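Undergrad: One structure is given below, represented as structure tokens, and several questions about it will come after.
The values are calculated or read from the model by the stated rules, or taken from the named source; none is laboratory data. What you see is a predicted model; the values in this text were computed from it and never measured. Because the Cβ atoms are built from the backbone with ideal geometry, glycine has one as well, and the counts that use them run over all protein chains shown.
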Amino acid sequence: MIQRSFQDEHPKLYIVSTPIGHLKDITYRAVEILKEVDAILCEDTRTSKTLLNHYDIHKQLISFHDHNKTEKAQEILSLMDEGKHLALISDAGTPGINDPGYELIQEVIKHGYHVVAIPGASAILSALVVSGCLIQPFTFIGFLPRKNSSKKEVIESYHQRVETLVIYESPLRVKKTLEDLFAILGDRAVVLARELTKIFETITRTTLKESLSLDIDTRGEYVIVVEGSKETYDLSLSIKDHVIQLIEEGNDEKDAMKMVAKKRQITKSDVYKAYKING
Ligand code: SAM
């Protein structure tokens, strides 16, 4: 399916980015589109009213959030069936980025209507570019799972990744998350981007180890940017030779096998087989 966004009169769902703090961080085009559409879908109509009133935007607002998104999708599609153009905004930043929108976007596409981005603020890029960490490649993780075991599993799965990691975190969980990141990833550069674009914006550039002794302010919003892995291994090395190399570097056999499994993201039994049985 090819969407030619501006070459026909198909009903459009505009995905409009709004500020992540500073009220002026909205584009001219975003304001224009919000004034033109037939209705605006808002994550929280009360929150959005502050922004919309500021820009003198007075439109029909439709509440669209995580708890009503399934029922609302039908109503929204019926409006588009009538030829209405709509805009989706969230409480802050870009809709869909850890905010409601994904399922609706899928439905709108399925129904053959256009989905058009009106780009702007998102905490991901602002945190990344001020972090001083390698900018590309980077991986956006979003929020880590709340459940301890799943959270650790997810962090573990990024252990070997060389790209910078960008994580959203609630202020109340930042401290614990830094502890988990340190325990699993070891010591690395980490940047805490707090209250971006707001009066109390604070960028703390430190290391995971040092971050454990920081007094973390539990107010405000945080993005955690973590440097990627610097531990690489020679890809041409066989699993067996990799274990031998680590033993020669002074590790005992069991630790060497564990390290190879971790570095290569394979199971310990696969390492055992390659080292002891097949070798
Ligand atoms: N859609 C938003 C975006 O495009 O960035 C993200 C919404 S998500 C529900 C909220 C999370 O984004 C916060 O918990 C925080 O991790 C991050 N965030 C949003 N605004 C921020 C800001 N001004 N400073 C730091 N982090 C922010």
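Undergrad: Being modelled with pLDDT under 95 and either among the hydrophobic types (A, V, I, L, M, F, W, C) or under 20 Å from the mean Cα position of the chain (by Cα) (or both) is true for just one of L246, L208, L214. Which residue is that?
TA: After ruling out the rest, the residue left standing is L246.
Undergrad: Sticking with this one: V174: within 18 Å of the chain's Cα centre (by Cα), within 13 Å of the ligand (Cβ to nearest atom), crowded, with 16+ Cβ neighbours inside 10 Å and over 21 Å from Q160 (Cα atoms), yes or no?
TA: For V174, the condition - within 18 Å of the chain's Cα centre (by Cα), within 13 Å of the ligand (Cβ to nearest atom), crowded, with 16+ Cβ neighbours inside 10 Å and over 21 Å from Q160 (Cα atoms) - is met.
Undergrad: A follow-up question, please. Pairs needed: first member in region 97-111, more than 12 Å from M80 (Cβ to Cβ); second member anywhere, surrounded by fewer than 16 Cβ atoms within 10 Å (Cβ to Cβ); C-beta distance under 6 Å; at least 6 residues apart or different chains.
TA: Matching pairs, first to second residue: N98/G142; P100/D66.
Undergrad: Looking at L185, L134, which one is away from the ligand (no atom under 16 Å from the Cβ) and under 30 Å from K24 (Cβ atoms)? Even if it seems obvious, please write down each step before you answer.
TA: Values: L185 fails: under 30 Å from K24 (Cβ atoms).
Every option except L134 fails the conditions.
Undergrad: Being on the phi < 0 side of the Ramachandran plot, buried (at least 16 other Cβ atoms within 10 Å of the Cβ) and at pLDDT 95 or above: is that true of L88 here? Let's see the steps before the verdict.
TA: Details: on the phi < 0 side of the Ramachandran plot: yes; buried (at least 16 other Cβ atoms within 10 Å of the Cβ): yes; at pLDDT 95 or above: yes.
Here the answer is yes, as L88 does meet what is asked.
Undergrad: Test V191 against the criterion of being under 16 Å from the mean Cα position of the chain (by Cα) and in contact (Cβ under 8 Å) with a residue 60 or more places away in the chain, and give yes or no. It would help to see each step written out before you state the result.
TA: Values: under 16 Å from the mean Cα position of the chain (by Cα): yes; in contact (Cβ under 8 Å) with a residue 60 or more places away in the chain: yes.
So V191 passes the test.
Undergrad: Give the residue that is surrounded by the most Cβ atoms within 10 Å (Cβ to Cβ), with candidates limited to residues of region 183-220 that are of a type in the set (S, T, N, Q) and outside any strand (DSSP E or B).
TA: Pass one, region 183-220, residues of a type in the set (S, T, N, Q): 197, 202, 204, 206-207, 211, 213, 218.
Among the residues that remain, those that are also outside any strand (DSSP E or B) are: 197, 211, 213, 218.
Working: T197: 16, S211: 23, S213: 7, T218: 12.
Only one residue tops the list, namely S211.
Undergrad: Let me ask something additional. Could you list all residues from region 100-128 that are within 12 Å of the ligand (Cβ to nearest atom), buried (at least 18 other Cβ atoms within 10 Å of the Cβ) and either over 20 Å from R29 (Cβ atoms) or modelled with pLDDT under 95 (or both)?
TA: Hits for region 100-128 are P100, A123, I124, A127, L128.
Undergrad: Which number in (1) among the acidic types (D, E); (2) surrounded by fewer than 17 Cβ atoms within 10 Å (Cβ to Cβ); (3) not in a loop (DSSP other than H, G, I, E, B) marks the one condition that D180 misses?
TA: If we test D180 against (1) among the acidic types (D, E); (2) surrounded by fewer than 17 Cβ atoms within 10 Å (Cβ to Cβ); (3) not in a loop (DSSP other than H, G, I, E, B), just (2) comes out false.
Undergrad: Quick one: K152 ticks every box in (1) over 25 Å from Y28 (Cβ atoms); (2) touching a His at 6+ places or on another chain (Cβ under 9 Å) bar one, so which box is it?
TA: Against the list (1) over 25 Å from Y28 (Cβ atoms); (2) touching a His at 6+ places or on another chain (Cβ under 9 Å), K152 comes up short only on (2).
Undergrad: Could you grab me the full set of residues in region 147-177 that are touching a Leu at 6+ places or on another chain (Cβ under 9 Å), assigned to a loop (DSSP other than H, G, I, E, B) and more than 24 Å from V129 (Cβ to Cβ)?
TA: Across region 147-177, the qualifying residue is only H159.
Undergrad: Another question, then. Filter region 141-171 for residues that are in contact with a Phe, Trp or Tyr (Cβ under 8 Å, 6 or more places away or on another chain), within 15 Å of K230 (Cα to Cα) and hydrophobic (A, V, I, L, M, F, W, C) and give the result. Show your work before the answer.
TA: First, pick out the residues of region 141-171 that are in contact with a Phe, Trp or Tyr (Cβ under 8 Å, 6 or more places away or on another chain): 141-143, 163-171.
Now restrict to residues that are within 15 Å of K230 (Cα to Cα): 163-165.
L165 - this is the single residue of region 141-171 that is in contact with a Phe, Trp or Tyr (Cβ under 8 Å, 6 or more places away or on another chain), within 15 Å of K230 (Cα to Cα) and hydrophobic (A, V, I, L, M, F, W, C).
Undergrad: Just checking, does region 240-262 include any residue being closer than 29 Å to I141 by Cβ, part of a loop (DSSP other than H, G, I, E, B) and touching a residue at least 24 places away in the same chain (Cβ under 8 Å)?
TA: Checked against the condition, which is being closer than 29 Å to I141 by Cβ, part of a loop (DSSP other than H, G, I, E, B) and touching a residue at least 24 places away in the same chain (Cβ under 8 Å), region 240-262 yields no hits at all.
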